[in-house]
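Participant: Below: one structure in structure tokens.
The values are calculated or read from the model by the stated rules, or taken from the named source; none is laboratory data. Just so you know, these numbers come straight off a predicted model, no measurement behind them. Quick reminder, even Gly has a Cβ in these numbers, built from the backbone with ideal geometry, and neighbours come from all protein chains shown.
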Amino acid sequence: MKLTVTKDELNEAISVVSRAVSSKTSIPILNGIKLEASDSGLTLTASDSEISIQQFIPRTKGERFIIELDQTGSVVLPAKFFVDIVKRLPSQTIEIEVMDHFITMIRSGSSEIQLVGLDPEEFPLLPRLSGERVLHLSSGVLGNMIKQTAFAASVNETSAILTGIHWSVNQNRLKFVATDRHRLASCEVEINEQQEGYNLPIVVPAKTLQELSKILPEDQMIVDIVIEDNQVLFKMENVLFYSRILDGTYPDTSKIIPTVFKTEFTVDTKNLADALDRAYLLSREERTNIVRLVSINDSTIEISSSSSELGKVTEQLEIESFTGEPLKIAFNSKYLLDVMKVMDSERVHFSFTGAMSPIIITPQGSREVLHLILPYRTTN
């Protein structure tokens, strides 16, 4: 294999596929990035036990040549060194030549670097998916659904199924749900296609989807999603992103979401987030993160936290459209702060059924996003 490629294009492709390189694997070939040069361009691939990412660099873009190909071929190069080397090369063009025994010469400007490559035949093959039924989502919608739910997934591998996001379709509405048993986040959107044939429901690892969200195009590009057997494939322009699907049965979370409430109010999102942030400073010192919320009257709530060593924080906030019974409740402020970080609306609506019942948080005027937090029982 021998070719010359522009540095910017190669660097961008490496930054995308290197997200699939595992730093913990004991299989040497998975520490590398596979490069495969063909007449149409250069394909880079990386994989671990969770995800596989492939990006294609075409020989031309418009009228501009990106790759000059002298000889087709392939090699696997150590990802850690290859990523760092390409970033530091002095010239805007990079020559890559694979010699005997996969010894690879990388030349740029006055620099010449030799890397010991590996046999590409040992690199795992990517799954072959037929793509008979494809779900289409814009990159913006998919990214927002991941943002609204992934943080609520469990990080405890003993409950592996809860480390994922549950996907389901009902009456042409696609829904994501994540929970760690202490909190829950859901987001749903309407889709145009009929639900038959999507092989849903499935559970996709939340960490994998968070990695996907980092490489989703910023513009509203359509992402094709193919679901088959134990794999889901996200197809973007010149990028293929594969993820495994988690085995197991996801719990039915619909039963824990209340539909009738005793107390409701609306509050400014930023003001609440800032007040919570201040209260969190003391609550985290106790390592409990407990913050208390009390309704003072129909237009005011009080947020407070305390530390036996440092003191107490108390703050009152104006609220809107208060209805129902007086409220006194304690909760994990970190959980609510996580919700505030992903809340896109200027005002947020709270619904309660009692001091020991789930807290429901939604953007004002929207039913597509819902967050649930379980309260704490305190002695006072």
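Participant: Consider residue 85 against the criteria (1) within 26 Å of the chain's Cα centre (by Cα); (2) part of a helix (DSSP H, G or I); (3) free of Cβ contacts under 8 Å to residues at least 40 places away in the same chain: it satisfies all of them except one. Which criterion is unmet?
Facilitator: (1)
Participant: Which of the residues belonging to the stretch 22-46 are of a type in the set (Val, Ile, Thr) and either crowded, with 21+ Cβ neighbours inside 10 Å or touching a residue at least 60 places away in the same chain (Cβ under 8 Å) (or both)?
Facilitator: Listed by number, the residues that qualify are 29, 33, 45.
Participant: Would you confirm whether or not the stretch 225-234 contains a residue that is part of a loop (DSSP other than H, G, I, E, B) and surrounded by fewer than 16 Cβ atoms within 10 Å (Cβ to Cβ)?
Facilitator: yes
Participant: In the stretch 282-322, what count of residues is obtained for those that are small (Gly, Ala, Ser) and in contact with a Ser or Thr (Cβ under 6 Å, 6 or more places away or on another chain)?
Facilitator: 4
This table checks each residue for (1) within 30 Å of residue 217 (Cβ to Cβ); (2) within 17 Å of the chain's Cα centre (by Cα); (3) among the β-branched types (Val, Ile, Thr); (4) part of a helix (DSSP H, G or I).
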position	(1), (2), (3), (4)
105	no, no, no, no
121	no, no, no, yes
126	yes, no, no, no
132	yes, no, no, no
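Participant: Residues in the stretch 125-155 that are among the small types (Gly, Ala, Ser), over 20 Å from residue 191 (Cβ atoms) and touching a strand residue (DSSP E or B) at 6+ places or on another chain (Cβ under 6 Å): how many?
Facilitator: 2
Participant: If you take the residues of the stretch 92-105 that are surrounded by 13 or more Cβ atoms within 10 Å (Cβ to Cβ) and in contact (Cβ under 8 Å) with a residue 24 or more places away in the chain, which of them is farthest from residue 7 (Cα to Cα)? Can you show your working first?
Facilitator: Going residue by residue through the stretch 92-105, those that are surrounded by 13 or more Cβ atoms within 10 Å (Cβ to Cβ) are 93-99, 102-105.
Within this subset, residues satisfying the condition of being in contact (Cβ under 8 Å) with a residue 24 or more places away in the chain are 93-98, 102, 104.
Working: 93: 5, 94: 6, 95: 10, 96: 11, 97: 15, 98: 18, 102: 22, 104: 17 Å.
The qualifying residue farthest from residue 7 (Cα to Cα) is 102.
Participant: Let me ask something else. Could you tell me which residue of the stretch 213-246 is modelled with the lowest pLDDT, considering only residues that are of a type in the set (Asp, Glu) and over 20 Å from residue 174 (Cα atoms)? Walk me through it before giving the result.
Facilitator: Applying the first criterion (of a type in the set (Asp, Glu)) to the stretch 213-246 yields 218-219, 224, 228-229, 237.
When the remaining residues are screened for being over 20 Å from residue 174 (Cα atoms), the result is 218-219, 237.
Values: 218: 82, 219: 79, 237: 89.
Residue satisfying both the conditions and the ranking: 219.
Participant: Before we move on, is residue 346 loosely packed, with under 13 Cβ neighbours inside 10 Å, of a type outside the set (A, V, I, L, M, F, W, C) and at pLDDT 95 or above?
Facilitator: yes
Participant: Suppose we filter the stretch 107-119 for residues that are exposed (fewer than 15 other Cβ atoms within 10 Å of the Cβ), assigned to a loop (DSSP other than H, G, I, E, B) and not hydroxyl-bearing (Ser, Thr, Tyr); how many remain? Spell out how you get there, then give the answer.
Facilitator: Kept after step one, since they are exposed (fewer than 15 other Cβ atoms within 10 Å of the Cβ), are these residues of the stretch 107-119: 109-112, 114, 116, 119.
Now drop any that are not assigned to a loop (DSSP other than H, G, I, E, B), which leaves 109-110, 119.
Filter once more, so that each one left must be not hydroxyl-bearing (Ser, Thr, Tyr): 109, 119.
Number satisfying all stated conditions: 2.
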